[in-house]
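Q: Have a look at this one.
The values are calculated or read from the model by the stated rules, or taken from the named source; none is laboratory data. None of the values given here were measured: they were computed from a predicted structure. No Cβ is skipped: glycine too gets one built from the backbone with ideal geometry, and neighbour counts run over all protein chains shown.
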Amino acid sequence: MEQCFANEIVVEGEVSNYRKQASGHQYFTLKDAQSQLTCVMFARPGAWRRQSVALEDGMQIRARGRLTVYETRGQYQLSVQQVEPAGAGMLQAKFEALKRKLQAEGLFEPARKRVLPSFPAVVAIVTSPSTAALRDMLNIFTRRAPWLRLIIVPARVQGDGSAEEIVAAIQLANDWERRALPRPDVIVVARGGGSAEDLWEFNEEILARAIVASTIPIVSAVGHEIDFTICDFAADLRAPTPSAAAELIAPDGSDLLRRIDLLGVRIRREVRNQVDGQAQQLDMASEALLRGIRDRLGRYKAWIAEQGAWLKAHRPDQIIKLRRQMIAGFEQRIATSFRTAYERRRQKLQRVTDHLRLLSPDATLKRGYSITTHVDGRLIQSRGEVKTGEKVVTQLSDGSFSSVAD
């Protein structure tokens, strides 16, 4: 019967006599220059937590497990629960040392990080063109923001020398003007998941410094959500996965269309309110004018009545005749003046009303003109307000369309 010691131990050495049975159990010996230890790794569920490498003779590994006694043979053996390459601990120590060094230099400071543009027009993706991560990102970019211009800057993302290739790709994207490329608004450094060894190139110091030196904001999208690299800490934004990076960078086109429709409704409502307000003011001015004319006529009539009463009391026939002629002329002038003043006010009111109709956005659009705005609704009044590559929205009488300034 097999006996087991209580505490786990960690043994490092070279694999020899490796055998894997049909049952899935694995047997091997760990040795160094002075000693050796028999090991077994059972295939039953839960027998080991993680085996990150496929074993073979000659490998240097670190094995964690419990020391047991195989009573049938009367010998000690290690029941292995976890296997990792012998260099993994060294890699972690190297990672922590570099992280402390760059952090002390301020490369990871939040104040240094730049905010990504809300509506990027050009995105550069630094990755291997053959990866599934790139295909996933392209699908998301196409679905959410089909107007985006995507530049694939190829670079190996695994193996010796790949860190240098990624650095060169970042520098190429920053050198967009001399390379006759559209200026990227964002650079994404992307790679799918993998082991710590697979992702190690993203822990190189040269890559961290290239990210910090970039004049263009960089998003790190390396590995899975649980993976962290030096690249993540140096970048302006860390995305848990490449797909998540695409979701963070690309605005939702459907949501933008809804917002544009809402802005259109608000503009039309505001125009109607302005026109209705002007019409109401004109109506009030017209009423005030008519009231003033009626008041003046009333005063004239009262004065005429008073004069008539005085003439009637004194009965000077000649004076009465003259007064009547004067009054008749005066009444005629008043009537003429009233008609003239009224007609002038009416024509002015009509001109103002027609002018308001002509100046309304709907009338302007129906005459063949258009209104061009930024995507956030701000009116564009001159060419200098539009940047090359910027997306603009043009409103016509029967709808709208988007375009990119060149």
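Q: Take the residues of the range 170-183 that are in a helix (DSSP H, G or I) and under 23 Å from the mean Cα position of the chain (by Cα): which is farthest from ILE152 (Cα to Cα)?
A: Out of the qualifying residues, it is ASN174.
Q: For the subset of the range 249-271 comprising residues that are part of a helix (DSSP H, G or I) and small (Gly, Ala, Ser), which member is surrounded by the fewest Cβ atoms within 10 Å (Cβ to Cβ)? Outline the logic, then answer.
A: Initial filter on the range 249-271 (part of a helix (DSSP H, G or I)): 249, 253-271.
Remaining after also requiring small (Gly, Ala, Ser): 253-254, 264.
Details: GLY253: 15, SER254: 10, GLY264: 15.
Per the stated criteria, the residue is SER254.
Q: With the structure loaded, tell me whether LEU349 is in a helix (DSSP H, G or I), touching a residue at least 24 places away in the same chain (Cβ under 8 Å) and either within 30 Å of ARG268 (Cβ to Cβ) or in contact with a Cys (Cβ under 6 Å, 6 or more places away or on another chain) (or both) or whether it fails that test.
A: yes
Q: Right, something else. Looking for whichever is surrounded by 14 or more Cβ atoms within 10 Å (Cβ to Cβ) and modelled with pLDDT under 85 here; the options are ILE319, ILE334. Which one fits?
A: Values: ILE319 fails: surrounded by 14 or more Cβ atoms within 10 Å (Cβ to Cβ).
Criteria check complete, one pass: ILE334.
Q: Does ALA246 fit the bill of being assigned to a strand (DSSP E or B) and in the same structural domain as ALA163 (by TED's automatic domain parsing)? Walk me through how you get there before you give the answer.
A: On the way: assigned to a strand (DSSP E or B): no; in the same structural domain as ALA163 (by TED's automatic domain parsing): yes.
Against the criterion (assigned to a strand (DSSP E or B) and in the same structural domain as ALA163 (by TED's automatic domain parsing)), ALA246 does not qualify.
Q: Right, another one. For the range 76-112, enumerate the residues that are modelled with pLDDT under 90 and loosely packed, with under 11 Cβ neighbours inside 10 Å.
A: Selection gives MET90, ALA93, GLU96, ALA97.
Q: Moving on. All but one of (1) touching a helix residue (DSSP H, G or I) at 6+ places or on another chain (Cβ under 6 Å); (2) in a helix (DSSP H, G or I) hold for LYS301, so report the exception by its number.
A: Evaluating LYS301 over (1) touching a helix residue (DSSP H, G or I) at 6+ places or on another chain (Cβ under 6 Å); (2) in a helix (DSSP H, G or I) leaves (1) as the failure.
Q: Then there's this: Please state which one of SER243, SER286 is surrounded by 12 or more Cβ atoms within 10 Å (Cβ to Cβ), out of contact with any strand residue (DSSP E or B) (no Cβ under 7 Å at 6 or more places or on another chain), at pLDDT below 85 and of a type in the set (Gly, Ala, Ser).
A: Numbers: SER243 fails: at pLDDT below 85.
Residue meeting the stated conditions: SER286.
Q: Are there any pairs with C-beta distances below 7 angstrom linking a residue in the range 176-193 that is assigned by TED's automatic domain parsing to the domain that holds ALA163 to a residue that is in a loop (DSSP other than H, G, I, E, B) and basic (Lys, Arg), with the two at least 6 apart or on different chains, and if so which?
A: TRP176/ARG183
Q: Follow-up. Could you list, in sequence order, all residues of the range 184-222 that are under 21 Å from ASP136 (Cα atoms) and assigned to a loop (DSSP other than H, G, I, E, B)?
A: Of everything in the range 184-222, those that are under 21 Å from ASP136 (Cα atoms) and assigned to a loop (DSSP other than H, G, I, E, B) turn out to be PRO184, ASP185, GLY192, GLY193, GLY194, SER195, ASP198, LEU199.
Q: A further question on this structure: Among residues belonging to the range 300-315 that are exposed (fewer than 10 other Cβ atoms within 10 Å of the Cβ) and basic (Lys, Arg), point out the one that is modelled with the highest pLDDT.
A: LYS312
Q: Okay, next question. Here is a check on your reading of the model: is PHE228 in the same structural domain as ARG114 (by TED's automatic domain parsing), in a helix (DSSP H, G or I) and surrounded by fewer than 24 Cβ atoms within 10 Å (Cβ to Cβ)?
A: So PHE228 does not fit the description; no.
Q: Check ALA133, ALA63, ALA93 and return the single one that is among the small types (Gly, Ala, Ser) and closer than 30 Å to GLU247 by Cα.
A: ALA133
Q: Do we find a residue being among the polar types (S, T, N, Q) and buried (at least 23 other Cβ atoms within 10 Å of the Cβ) anywhere in the range 125-135?
A: Applying the first criterion (among the polar types (S, T, N, Q)) to the range 125-135 yields 127-128, 130-131.
Then keep just the ones that are buried (at least 23 other Cβ atoms within 10 Å of the Cβ); that gives 127.
So far as the range 125-135 goes, yes, one or more of its residues are among the polar types (S, T, N, Q) and buried (at least 23 other Cβ atoms within 10 Å of the Cβ).
Q: Filter the range 210-258 down to residues that are basic (Lys, Arg) and over 15 Å from VAL186 (Cα atoms), then give me how many there are.
A: The number of residues fulfilling the criteria is 1.
Q: Residue check, HIS374 against (1) of a type outside the set (Val, Ile, Thr); (2) farther than 30 Å from VAL122 by Cβ; (3) modelled with pLDDT of 85 or more, all met but one. Which one?
A: Checking HIS374 against (1) of a type outside the set (Val, Ile, Thr); (2) farther than 30 Å from VAL122 by Cβ; (3) modelled with pLDDT of 85 or more, the one that fails is (2).
Q: Looking at the range 22-34, can you tell me whether even one residue there is modelled with pLDDT of 75 or more, touching a Phe, Trp or Tyr at 6+ places or on another chain (Cβ under 7 Å), among the β-branched types (Val, Ile, Thr) and surrounded by 14 or more Cβ atoms within 10 Å (Cβ to Cβ)?
A: No, the conditions are met nowhere in the range 22-34.
Q: Also, I was wondering about something else. Which of the residues spanning the range 354-406 are within 23 Å of VAL275 (Cβ to Cβ), of a type in the set (A, V, I, L, M) and surrounded by 12 or more Cβ atoms within 10 Å (Cβ to Cβ)?
A: LEU356, LEU359, ALA363, LEU365, ILE371, LEU396
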